[in-house]
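See structure below.
The values are calculated or read from the model by the stated rules, or taken from the named source; none is laboratory data. Source: prediction; values computed, not measured. No Cβ is skipped: glycine too gets one built from the backbone with ideal geometry, and neighbour counts run over all protein chains shown. Surface areas here come from the heavy atoms of the whole protein model, side chains and all, with no ligands, DNA or RNA. Shrake-Rupley method; radii C 1.70, N 1.55, O 1.52, S 1.80 Å.
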Amino acid sequence: MIPFSAPENVKFCSRCATPMETRQIADKPRRVCPSCGFIHFTDPKVGVGVFVVNEGKILLVRRTMHPEIGKWSIPAGFLDAGENPAETAVREALEETNLEVAIEELIGVYHNPPGQGGASIFIMYKARLLGGTIQAGDDADAAAFFAPDDLPEIAFASTRAAIDRLKAKLATD
Ligand SMILES: [Zn+2]
């Protein structure tokens, strides 16, 4: 198995274009340039999702993308380089539902094991609705608020688990 710390598709040094080699660097194998010594560190993909709760209902979007196409999820997307993850959450809500939201709190930070695609680190926020007219966009083809006890089919086990935690929290708020 190719270690995640030394992806073989990193073929050439990004500084001097020499073919890269795999060498043990401290605790892990890494792709290393034998000419200039540059070490390639693979950055984790970071995803951000947002629970928008309004009048006790949860905002969900229907996915038009694989995996889990046609199932429902919370608005979510990848953190852009240089972007504050709270801004990512607000941006994804706007792109996928046309709604303006304000972050209330961090729900949690989750680690997905490598090899499953998607984000390896997932950050979830809770937000409240500020305004806007709901309309699906970007990689969602439907957007709606659902009562916690009347949810559609949810994509991703991690999202189902997070919704269960949120429902428990809403019940005590
Ligand atoms: Zn080099």
Pick from 97, 64, 22 the residue whose mean-square fluctuation is largest in a GNM of the chain, springs joining Cα atoms under 10 Å.
22
Simple Cβ-charge dipole of the stretch 1-42, Lys/Arg +1 and Asp/Glu -1, about Cα centre, in debye nearest 20
80 debye
Kindly sort 124, 65 by accessible area of their heavy atoms, largest first, with the probe set to 1.4 Å.
65, 124
Please get the size of the charge dipole for the chain, origin at its Cα centre, with Cβ charges of +1 on Lys and Arg and -1 on Asp and Glu, quoted in debye to the nearest 20.
720 debye
Give the lysines reachable from residue 11 as a straight Cα distance under 24 Å; neighbours fewer than 8 places away on the same chain don't count.
28, 45
May I ask for the angle, rounded to the nearest 10°, between helix 157-172 and the longest principal axis of the chain, with both axes built from Cα atoms and the value confined to 0 to 90°?
40 degrees
Helix 85-97: angle to the longest alpha-carbon principal axis of the chain, degrees 0 to 90, nearest 10?
60 degrees
Post the alpha-carbon centroid distance, the stretch 128-145 to the stretch 2-45, in whole angstrom.
42 Å
Which of the chymotrypsin sites (Phe, Trp or Tyr not before Pro) found in the stretch 25-100 are loop residues per DSSP with 14 or fewer other Cβ atoms within 10 Å of their Cβ?
41
Relative contact order (percent) for the chain, with alpha-carbon contacts under 8 angstrom and 6 or more residues of separation?
22 percent
